[in-house]
Amino acid sequence: GQEVFLRIMRIAACFLLLLALPPLNAFHSPNLLPSVSLPLSNPHRFGVKTHIPQKLALPLATNPPLGGGRNAFSVLNERAAGVSELANEIRDDFPTLKEKVHGDKELIYLDSAATSHKPEAVLKAIDTFYRESNSNVHRGAHQLSVRATDMYEDSRLKVANFINADRDEIVFTRGATEALNLVAYSWGLTNLKEGDEVILSVMEHHSNIVPWQIVAEKTGCKLRFIGLDDTQSLDMAEFHKALSPKTKMVSLVHVSNTLGCINPVDDIIKSAHAVGAIVCLDACQSVPHMKVDVRELDCDFLVASGHKMCGPTGCGFLYGKREVLEGMPPWQGGGEMIDEVFLDKSTYAAPPGRFEAGTPAIAQCIGLGAACDYLSGIGMDRVYEYECLVGGYLYDKLHKVAGVTVYGPPLGADGKGRAALTAFNHESIQHSDLSTFIDMEGVAIRSGHHCTQPLHRELGVSGSCRASTYLYTTLADVDKFIDNLQGTIAMFASLEDSMESMESQES
């Protein structure tokens, strides 16, 4: 409570001082920025000083040069022709991007890692279902029920095709969180016992930590967490060392929602299978952004969220190998998931129906199928190439802002190797204050722990800002974000000077 009160008072003081300062956009002038002295003389005035353990600290510098003095972004720039047109081609498909915020401010949306916007095709698919085919699925003989069932099951096939799975290997869930809980409770409680080990990492989303903690309490199995290497990527040497015949499950994120690192899942899966372990991938930040083929990966489970891939909220899916799903008991009971019910016992449907108790999120799943159609129409290879361009541009620009620490590995020599998101902190401005003032100019970024509290503790910080892009993000969006970020930093520096001047006069 005290921390919240102090932050409110801090922001209130900032607003009062703003009345005596020029408009925020005045601080965007390059003529003003060089005069700002960073770090501030009192870095704790507006928030907690960022501390990075030396092992994890990355230098505040431009990307390492390539041959001929070029850097990684130069490579991206050279292949930007054609690719860079994607966002401009499709932006009109997303009505929310046309909205004004804070009165007449243009919306610059850089929070797609939290949720993506929805194209008209998805909105229309949901609306059409409710207007023309609204009915419950399965078991109904009337025309509307048959039509709704066909649409629902057709969406399951679309999701399966999107990741190269079979239709009956796709379980619809309320989202990735429910899918991970399904794996933990159904597979985990059935197969894990005392002495067994589950390998996770410090970069996991809470939804891939908490369910396993509950399972560990019930079964006595041990959780082992893999740390970070010197580039703030998954420490693969530590991972290989942790593997043993005791390892029964490896459940890791494919792409970190905070560090932006793309984990080497091919190596992870092959190595885990070599010791007889099952592998579950949290693919929330990969399936929407790159081609993911579960047959090539050979993972046993994979989870993803619909709302991060242009689909609606309230739906997601679990992929599971058929033979693995068939060996798992139901984790919820009710309608849909049964074969026959007697007073003294019940028998269960085959997967995927076994894991879909009750009336499903029919409209949402139909919307998810439409989202798969939309992304497939563009082509995931093109989406990935474009996001390498815009994500690399974002990383390069942020890396050059004075006083900013960027988390995660650097760009590779080819301009790739990172997801199109970047988490960062300023050395003297609290992340929540920074994002609040940037939002006043219409720029939407996220601040907080991003559901990765253990990772932020590993980094030595309480939270961070995060800017994340998607296929509709333009390079101009990134420029406007950087412009407003620099202006906000300059404003806080002026506030610092003003407060010091007031304190001096009072003394």
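Electrostatic bookkeeping for ILE378 treats Lys and Arg as +1 and Asp and Glu as -1; over the other residues with beta carbon under 15 Å from its beta carbon, the sum is -4. Multiplying the residue separation of LYS400 and LYS105 by 0.36 nm and subtracting their alpha-carbon distance yields 103.6 nm. If you plug the beta carbon distance of LEU223 and GLU85 into 1/(1 + (r/R0)^6) with R0 = 45 Å, you get a FRET efficiency near 0.45.
Here LYS222 is the anchor, and the lysines within straight C-alpha reach of less than 24 Å, apart from those fewer than 8 places off in the same chain, are LYS193, LYS241, LYS246, LYS248, LYS270.
About its Cα centre, the stretch 121-377 has a charge dipole of approximately 300 debye under the convention of +1 per Lys or Arg Cβ and -1 per Asp or Glu Cβ, with nothing else charged.
Computed 3J(HN,Hα) for the stretch 407-419, one whole-Hz value per residue from the Karplus formula 6.51 cos²θ - 1.76 cosθ + 1.60 where θ = phi - 60°, is 9, x, x, x, 5, x, 4, 8, x, 10, x, 10, 6, glycine and proline marked x.
Of the GluC sites (Glu not before Pro) found in the stretch 82-184, those that fall in a DSSP loop while having at most 14 other beta-carbon atoms within 10 Å are GLU99. Residue ranges 233-243, 421-431 sort as 421-431, 233-243 when ordered by packing (mean number of other C-beta atoms within 10 Å per residue, highest first). Taking amide H atoms as placed 1.01 Å from N in the peptide plane, list the residues 5 or more away in sequence, or in a different chain, whose amide H sits under 5 Å from that of LEU223. Long-range HN contacts for LEU223: VAL198.
Computed with a 1.4 Å probe over protein heavy atoms only, the accessible area of CYS284 comes to about 20 Å². Cross-link check: pairs LYS98/LYS400; LYS98/LYS124; LYS308/LYS400; LYS100/LYS308; LYS124/LYS321 evaluated at a Cα-Cα cut-off of 24 Å; pairs beyond the cut-off: LYS98/LYS400; LYS308/LYS400; LYS124/LYS321.
Working note: Cα atoms of the stretch 121-377, range along each principal axis, descending, whole Å: 58, 49, 27. Surface exposure of the stretch 121-377, expressed per residue as accessible area with a 1.4 Å probe, stands at 40 Å². Excluding TYR185 itself, calculate the net charge of residues whose Cβ lies under 12 Å from the Cβ of TYR185, where each Lys or Arg counts +1 and each Asp or Glu counts -1. So the surrounding residues net to 0.
Taking amide hydrogens as placed 1.01 Å from N in the peptide plane, the amide H of VAL443 sits under 5 Å from those of ILE108, each at least 5 positions away in sequence or on another chain. Residues in the stretch 311-319 carry Karplus couplings, in order, of x, x, 6, x, 8, x, 8, 10, 9 Hz; the curve used is 6.51 cos²θ - 1.76 cosθ + 1.60 with θ = phi - 60°, and Gly or Pro positions show x. In order along the stretch 464-473, phi translates into HN-Hα couplings of 7, 8, 9, 10, 10, 10, 8, 5, 9, 7 Hz, rounded to whole numbers, per the Karplus curve 6.51 cos²θ - 1.76 cosθ + 1.60 with θ = phi - 60° and x for Gly and Pro. The calculated FRET efficiency for the pair LYS98 and LYS193, based on their C-beta separation and a Förster distance of 56 Å, comes to about 0.50. Rounded to the nearest 0.05, the FRET efficiency derived from the C-beta distance between ASP166 and ASP381 at R0 = 22 Å is 0.45. Applying D = kT/(6 pi eta Rh) to the stretch 356-444, where Rh is the Kirkwood radius over alpha-carbon pairs, T corresponds to 25 °C and eta to 0.890 mPa s, the Stokes-Einstein value obtained is 151 µm²/s.
The values are calculated or read from the model by the stated rules, or taken from the named source; none is laboratory data. All values derive from a computational prediction rather than experimental measurement. We place every Cβ from the backbone using ideal geometry, glycine too, and count neighbours over all the protein chains shown. In case anyone asks, the SASA skips ligands and DNA or RNA and just uses the protein heavy atoms, side chains included. Shrake-Rupley method; radii C 1.70, N 1.55, O 1.52, S 1.80 Å.
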